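Taking it in order: structure first as structure tokens, then the write-up.
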Amino acid sequence: MPRYEQVADDLRTRIHAGEYAIGSKLPTYAELTETYVVGRGVISAALAVLEREGLIRVVKKAGIRVLDWRVERRRISRGQLVYRDPLRGYVGPAASSPDEPWDTHGRPVTSYEPIPERIADVLGIEAGIAVLRRRRVTSPAGEPPFQIVDTWLSAEVVRDAPQAAEPNTGPGGYLDRLEEAGHGPISWTEYGRGRLPSREEATLLDVSTEAPIFELLWAGRSAQTGQIIEVTSRVIPSDRVELVTELRRDESAQWPVSPVVPRETQR
């Protein structure tokens, strides 16, 4: 086993045993190099392994902090049905049951921000221009931040439904306001991909920039114009979620299998 893996294995064991408690700090780089009698490069490689596993977060000038590695991995059942909750409005496949309480960390923020290239591509506008963004950080009640939810609204729908740009959009949320403005019924397309988090995302979710995240995009299409008018992004640490899809048989895959009749017999 390479030396850096040995160091990572020892630190991992100590973290799991509680020797380094959640929220506490590991020894400094200098202390770790002295303890394990290795160079700084070996320590950096070992810490990178633990960062990718979601056990620690290394922040310059702030130290090496132990993260809450006990967070349960939640399952998201993927399907094609969008439901409606009397209080929350439209609800799609999620990592919770409809009656499970969730917390919002901090206050939801509505502001104009430069739109990222990926979101701009789906929304069909130029990357980097200022677009209205609705942001909230949420989690199941009592748990650390689970996801960042960003909704980007096109300038046209903000003009059509100005209340959608306000922090309090009323019953049913911003989607109800968009549909009431003439864009209903909205239809959605979902995109999913893995990537590394930005520094801002890592800070909000309290994860390492080396720990992959999973990004789910919902693109809402107006029934009036046929154009994408809103894109909602959910960014979730990949070690906290797994996707589950129930597979169904096509007619060509029915059982029992029909016997194959040789061509000679068919004649």
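Bear in mind that the values in this text are calculations on the coordinates, not laboratory data. Everything numeric here is computed off the predicted structure, so don't read it as measured data. Methodologically, a virtual Cβ is constructed for each residue, glycine included, from the backbone with ideal geometry; neighbour enumeration extends over all protein chains shown.
Odds and ends about this structure:
- Here the Karplus curve 6.51 cos²θ - 1.76 cosθ + 1.60, taken at θ = phi - 60°, turns the phi angles of the range 133-140 into couplings of 10, 9, 10, 8, 10, 10, 6, x Hz, with x standing for Gly and Pro.
- Computed E for residue 19/residue 62 - FRET, C-beta separation, R0 25 angstrom, nearest 0.05: 0.75
- Label separation (residue 141 vs residue 111): 3.0 nm, computed from points 7 Å beyond Cα along the C-beta direction.
- Rounded to the nearest Hz, the phi-derived 3J(HN,Hα) couplings of the range 181-193 under the Karplus curve 6.51 cos²θ - 1.76 cosθ + 1.60 (θ = phi - 60°) are 7, x, 9, x, x, 6, 10, 10, 10, 10, 10, x, 7, where x marks glycine and proline.
- For residue 83, residues with placed amide H under 5 Å, excluding near neighbours: 91, 92
- Mean-square fluctuations from a GNM of the chain, with a 10 angstrom spring cutoff on Cα atoms, peak among 231, 42, 244 at 244.
- Backbone amide hydrogens, once placed in the peptide plane, bring residue 102 within less than 5 Å of 141, excluding anything fewer than 5 places away on its chain.
- Length gained when the stretch residue 88-residue 52 is fully extended (0.36 nm per residue, less Cα-Cα span): 9.5 nm
- Normalised by 2.2 N^0.38 Å, where N counts its residues, the alpha-carbon radius of gyration of the chain equals 1.29.
- The range 226-239 - phi-based ³J(HN,Hα) in whole Hz, Karplus 6.51/-1.76/1.60, Gly and Pro as x: x, 9, 5, 10, 8, 10, 10, 10, 10, 10, 10, x, 5, 7
- For residue 133, the amide hydrogen comes within under 5 Å of the amide hydrogens of 111, 112, 113, counting only partners 5 or more places away or on other chains and with H modelled in the peptide plane.
- Förster radius 25 Å - calculated FRET efficiency between residue 100 and residue 190 (Cβ-Cβ, nearest 0.05): 0.75
- Global geometry of the range 3-66, whether rounded, prolate or oblate, following the gyration tensor of its Cα atoms and the 1.5 cut on a/c: rounded
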